[in-house]
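Enquirer: Starting off with a structure, shown below.
The values are calculated or read from the model by the stated rules, or taken from the named source; none is laboratory data. Quick caveat: nothing in here was measured; it's all calculated off a predicted structure. For neighbour counting, all protein chains shown are included, and Cβ atoms are generated from backbone atoms with ideal geometry for every residue, glycine included. Side chains included, ligands, DNA and RNA excluded: accessible areas come from the protein's heavy atoms. Shrake-Rupley method; radii C 1.70, N 1.55, O 1.52, S 1.80 Å.
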Amino acid sequence: MRSGPRRDSVCVGMERRGFALPTVIFGITIMSIIAVVALSTAADERSASRAGRESTLALYAAEAGLRQTYGSWPAAAAALQPGDSLDLGWQALPNKADYRTVIHRVDGGGLQEYSVVVQGRRTDPKAGIITIVAAAGGVPIFGQAVHTDGDLYLSNGGLFDSFDSGNGPYGLATVDTTANLFANGAINITGTTVKGSASATGAVSVGAGSSVTGGTTPNAPVQPPMDINTCPVAGYTPTAKVPPAPGVSYSSTTGVLTVSSGTLTLTDTSYFFRVIVLTGNAKLSFPANPSVSVVLRDSINAASGTVINQSMNAANLAFSSCGTSPTPAYWALSSNGTASYYSVYAPNHVVYETGGGDFYGAVVAQIYYASGGGRFHYDAALARLPSNKIAVQKGSWAQLPGS
């Protein structure tokens, strides 16, 4: 009777020992799974951390590329037409990163507007490519009626007002009050009405019989000097482009054009002279071409003559200086019996405006004098012409989503 219970207890003990082994195996399995998950999680975190670091470095590469593009704006961008693009390709950086810049011209013609797209990448392919976009645009050359890098003088009963030829010809319906003046020096106004503002880094003096409707700002911040254009490398205009006529003298060797009588009509779209001199009421005429550029190494003296723009649109005729003249001379312009329509860009020359007629356009000069009592009508459409200055458009930076 005693052996029965002993056999039962032995069986129970064996059953218990048989139950413990699966429990231990199950526990080990769970711990192994936990360990594997922990190791995998750690690896994922390291991978994510590295990918985040690489993505950040790729962003830095893109930003460095954008700064490099802005700091060394490619000359080839100036040749882009609206809708064109310029791909500068991948450029290497010292930290094993690359950037690629693509410049798109997005304006419809006129003052330039560019979209600048920069991609940055690192050597780790997991980091991907970061893309940022920003913008740059032309700085208006003729943003004011008159801009000087020195002093500015107005006298003898003149009038300065404005209009926009894009809205129609000058008249009661288009006349405006934005004939603003700026001088990196002093402004002296005597007997002249300015329908605009007058700002100068020095003093602004408004004498008796004068008014400035937009107010005056002395001690204004200094603006960077205007750029001096480089001269054409092909040399002065060939003789064949200057038709022979009585009273006309021209040498393509010296670049000196003199018109002493009559009217000389120039029909091409671009000219490069050293000097132009008009005497004896001579006339220099330009047909209604879409755009005519006259570049001068030294000067123009038209105080005794007249410049005629048959298109009657200042945007179609431009006089500009180039280089550093070995014999710098002042520019003398006149608006006598015939209205004058053109722009003047001569930041390294003194410009005199004489005569009592009407001038439609804008002027950039080193020093400017208006003393003939004429009527100066600033054409605001000139501010939309293509510019030789490019600036960053503030607040345009953005990272493209998904990059």
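Enquirer: Kindly write out, for the stretch 300-314 in residue order, the coupling ³J(HN,Hα) from the Karplus curve 6.51 cos²θ - 1.76 cosθ + 1.60 (θ = phi - 60°), rounded to whole Hz, with x marking Gly and Pro.
Expert: For the stretch 300-314, the Karplus-derived couplings read 10, 10, 10, 5, 9, x, 9, 9, 10, 10, 5, 6, 6, 9, 4 Hz, x marking Gly and Pro.
Enquirer: For the chain, with all protein chains present and a 1.4 Å probe, just round the carbon and sulfur fraction of the accessible area to a whole percent.
Expert: Carbon-and-sulfur percentage of accessible area, whole number: 58.
Enquirer: For the chain, give me the percentage of DSSP beta bridges that are antiparallel, rounded to the nearest 5 percent.
Expert: Of the beta bridges lying entirely in the chain, close to 30 percent run antiparallel.
Enquirer: Another question about this same structure. Read phi for every residue in the stretch 182-192 and hand back ³J(HN,Hα) as whole Hz from Karplus 6.51 cos²θ - 1.76 cosθ + 1.60, θ = phi - 60°, with x for Gly and Pro.
Expert: Once rounded to whole Hz, the list reads 9, 9, 7, x, 10, 10, 10, 10, 10, x, 10.
Enquirer: Provide the percentage of antiparallel DSSP beta bridges, counting only those with both residues in the stretch 144-216; round to the nearest 5.
Expert: Percent antiparallel among DSSP bridges in the stretch 144-216 is about 5.
Enquirer: For a quick check: with amide H placed at 1.01 Å from N, whose amide H comes under 5 Å from N301's, ignoring anything fewer than 5 positions away on the same chain?
Expert: Amide H neighbours of N301: I276, V277, L278, A332.
Enquirer: Can you find, among Y352, T131, S311, the residue sitting farthest towards the positive end of the charge dipole of the chain, where Lys and Arg contribute +1 and Asp and Glu -1 at Cβ?
Expert: Final value for the positive-end residue is T131.
Enquirer: Suppose a student asked you for the relative contact order of the stretch 174-293, using Cα pairs under 8 Å spaced at least 6 residues apart; what percent would you report?
Expert: 15
Enquirer: Relative contact order for the chain: what is it in percent, counting Cα pairs under 8 Å that are at least 6 residues apart?
Expert: It rounds to 15 percent for the chain.
Enquirer: Between rounded, prolate and oblate, where does the stretch 135-178 land on the alpha carbon gyration tensor, with a ≥ b ≥ c its root eigenvalues, rounded for a/c under 1.5, else prolate if a/b exceeds b/c?
Expert: Oblate, because a/c is 1.5 or more while a/b does not exceed b/c.
Enquirer: Which value, in debye to the nearest 20, gives the size of the charge dipole of the chain about its Cα centre, when Lys and Arg are +1 and Asp and Glu are -1 at the Cβ?
Expert: The dipole of the chain has a size of about 2020 debye.
Enquirer: Check which residues have an amide H placed less than 5 Å from T178's amide H, if you skip close sequence neighbours.
Expert: S162
Enquirer: Continuing with this model, one more query. What is the magnitude of the charge dipole of the stretch 277-403 about its Cα centre, with +1 placed on the Cβ of each Lys and Arg, -1 on the Cβ of each Asp and Glu, and no other charges, expressed in debye to the nearest 20?
Expert: 240
Enquirer: Something else about it: Given (1) -0.68, -1.15; (2) -0.68, -0.99; (3) -0.60, -1.12, which label gives log10 I(q)/I(0) by the Debye sum over Cα atoms at q = 0.09, 0.12 Å⁻¹ as computed from the coordinates?
Expert: Derived directly from the coordinates: (2).
Enquirer: Same structure, new question: Checking the cross-link filter: which lysines have an alpha carbon closer than 27 Å to that of K96, excluding same-chain neighbours under 8 positions apart?
Expert: Hits, sequence-local ones excluded: K126.
Enquirer: Going by the alpha-carbon gyration tensor, a ≥ b ≥ c the square roots of its eigenvalues, is the stretch 229-293 rounded (a/c under 1.5) or, if a/c is not under 1.5, prolate (a/b greater than b/c) versus oblate?
Expert: Note, shape of the stretch 229-293 comes out oblate.
Enquirer: Oh, and also: Which distance in nm do the two modelled labels at T263 and W73 give, with both placed 7 Å along the Cα-to-Cβ direction?
Expert: Taking the two extended label points, one gets 4.0 nm.
Enquirer: Give the accessible surface of the stretch 49-116 per residue, rounded to a whole number of Å², with probe radius 1.4 Å and ligands, DNA and RNA excluded.
Expert: Counting only protein heavy atoms, the per-residue value for the stretch 49-116 is 52 Å².
Enquirer: Under a straight-distance cross-link criterion of Cα-Cα below 25 Å, which lysines are reachable from K241, leaving out those fewer than 8 residues away in the same chain?
Expert: K283
Enquirer: Under the 0.36 nm per residue contour assumption, what length would be gained going from the current alpha-carbon distance of Q81 and L159 to full extension?
Expert: Once the chain is fully extended between Q81 and L159, it gains 24.3 nm.
Enquirer: R0 = 45 Å: FRET efficiency of S205 with K394, Cβ-based, nearest 0.05?
Expert: 0.85
Enquirer: So, one more: Mind giving me the FRET efficiency for K96 and N167? R0 is 51 Å, r the Cβ-Cβ distance, nearest 0.05 is fine.
Expert: 0.40
Enquirer: Right, another one. Collect residues whose amide H, placed 1.01 Å from N in the peptide plane, falls under 5 Å from the amide H of I308; neighbours closer than 5 in sequence don't count.
Expert: Close amide H contacts, sequence-distant or interchain: L284, S285, F286.
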